[in-house]
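The values are calculated or read from the model by the stated rules, or taken from the named source; none is laboratory data. All of these numbers come straight from a predicted model, not from anything done at the bench. Cβ coordinates were reconstructed from backbone atoms using ideal geometry, including for glycine residues, and neighbour counts include every protein chain displayed. Accessible surface is based on the protein model in full, side chains and every heavy atom, while ligands, DNA and RNA are left aside. Shrake-Rupley method; radii C 1.70, N 1.55, O 1.52, S 1.80 Å.
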Amino acid sequence: MASCLIAALPAHAQNIPRTLSPQDAVGLWDGEEGVRGQMSLVFQTLHTDGLILGNGVNNNGAITDTHSLTMALDYRVGDRWEVHASLPYVRKRSLRDPGSHDPSRLKQPHPDSRFLDDGNYHGSWQDWALGVSWAGQWRAFDIEPSATLVLPSHDYTFFANAAPGQRLYRFRLGVDATHRLPASNLYYSVGYSYELVEKVMGIHLDKQHARATVGYYFNPYLSGRAFAQGRWGQGRDSQFFSPARADEYWYYHDQLSRHDYAIAGLGATWRFNDRWALSLTGATMLWGRTVHELEYAYDLQIARAL
């Protein structure tokens, strides 16, 4: 069951996929009688160290630690149509921070913004992701176009390294193609999405996403995969902003930054009975610009067929 809910975790510099690769692209329960979808819980932990500037140099700045728990539902409403919904709860902390995200230092007051970069963990619900996808075939490929709307769950603080998200509305259109080699347990998939992002201060922030996976079924219950994902788009590079100015551009810099990246990782899924499956995925950053450098990210997912 391919997920169309791979949405960026929208906090300053995290911006890696909220769910790295929860299921194999070919599907856990495809074609099984009586199965209409799945419920899942995904626990993610990640660690970043410093900001990769627009010139590719790490500034050895803030360290961030993030833990999140995402509740997701994927449900088939017809022979080919499927709806998706998810909501994460995010806990973050920022260490080695010089206080540049202290709202009291801003030239224009923002009393609705809390100071979060005090070294302690702060938790909040993040963004709803609501989507729909369609399963079809083209030649030897399984094709899945999808549309996903991401909207903030409430007016949370975004001006902080430890903020739960960017608090921006997004709409993503994408398509994934999967091919399983004939008489083989090997498959591969590729995908592309274009994301329309709410403008901030009149600046366009649209993003493009690309992804690729190669996987193998060792037996009907155990599979593994290697994957890579990247994102690039509009926005401003790090040199555009100055914390010393403490102006409105600095206040909105967590939303306005490009946050371009490429990550890669490995994953495995164990289907331990007819209704339950467990997945573990790990990833690290290969390249980034104006984004916190990701040292590691791990996902642990448990899913139940419906």
Per the helix-only calculation at 222 nm, which mean residue ellipticity applies to the chain, given -39500 (n - 2.57) for every DSSP H run of n ≥ 4 and division by its residues, nearest 500 deg cm²/dmol?
-500 deg cm²/dmol
3J(HN,Hα) from dihedral phi, segment 37-44, Karplus parametrisation 6.51/-1.76/1.60, rounded to Hz, x for glycine, proline:
x, 7, 10, 8, 10, 10, 9, 10
To the nearest 20 debye, what is the magnitude of the charge dipole of the chain about its Cα centre, counting +1 on the Cβ of each Lys and Arg and -1 on the Cβ of each Asp and Glu?
140 debye
Using a simple spin-label model with points 7 Å from Cα along the Cα→Cβ vector, what separation in nm is obtained for Trp125 and Ala85?
1.1 nm
Estimated distance in nm for a label pair at Ala212 and Tyr249, the labels positioned 7 Å out from Cα along Cα-to-Cβ:
3.7 nm
Cut-off 10 angstrom, C-alpha nodes, Gaussian network model of the chain. Which of Phe241, Phe218, Phe43 fluctuates the most?
Phe218
Accessible surface of the chain [probe 1.4 Å, protein heavy atoms]: carbon and sulfur percent
59 percent
Highest mean packing first, using Cβ neighbours within 10 angstrom, the peptides 93-100, 200-207, 182-189 sort as 93-100, 200-207, 182-189
Roughly how many Å² is the accessible area per residue of the chain, as a whole number, for a 1.4 Å probe?
44 Å²
For Trp250, what charge total do you get from the other residues with a beta carbon under 13 Å from its beta carbon, if Lys and Arg give +1 and Asp and Glu give -1?
0
Rounded to the nearest 0.05, what FRET efficiency do Ala264 and Leu173 have when you use their Cβ-Cβ distance and R0 = 25 Å?
0.55
